[in-house]
Amino acid sequence: MSTYNQHLQPTMSTLELIRVFALSNEFKLIPVRQDEKVELGKLLEKVPIPVEESVEEPAAKINVLLQAYISQLKLDGFALVADMIFVQQSAGRILRTIFEICLKRGWLIPIRAALDLCIMADRQL
């Protein structure tokens, strides 16, 4: 919760909400492994929303995995698939939490963006 309280702002877009999602404490123990960097680099080019962080950063990995899950991109590496499953299982809950926080604060722009992300994660749109 402290991560969300610190980073959420009343004018956040979808791009910024995905970055906040990637900073969640649930993902702080997911490392970027050496053998994943090549595939992550390829995925960085395929995801619809640009990722500003480098492939070396765990937040970039989570960001890419969320977008790859929503966009139904194929993964090759076993370790990436395992991390994708963890992101997939956590996405709905975390995105709904972000939505609820924005809703309670009455921030219309991030409410809409968070709701869109919740629907995208739920339906893989």
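The values are calculated or read from the model by the stated rules, or taken from the named source; none is laboratory data. From a predicted model like this one, the values you see are computed outputs, not experimental measurements. SASA here: full protein model, heavy atoms, side chains in, ligands and nucleic acids out. Shrake-Rupley method; radii C 1.70, N 1.55, O 1.52, S 1.80 Å.
Odds and ends about this structure:
- At 0.692 mPa s and 37 °C, Stokes diffusion of region 1-57 via Kirkwood alpha-carbon radius, µm² per second: 256 µm²/s
- The residues of the chain expose, per residue, 55 Å² of accessible area to a 1.4 Å probe.
- With the gyration tensor restricted to C-alpha atoms of the chain, the semi-axes of the equivalent ellipsoid amount to 24, 14, 13 Å, longest first.
- Helix content alone sets the calculated 222 nm mean residue ellipticity of the chain: runs of n ≥ 4 DSSP H residues at -39500 (n - 2.57) each, divided across all residues, give -21500 deg cm²/dmol.
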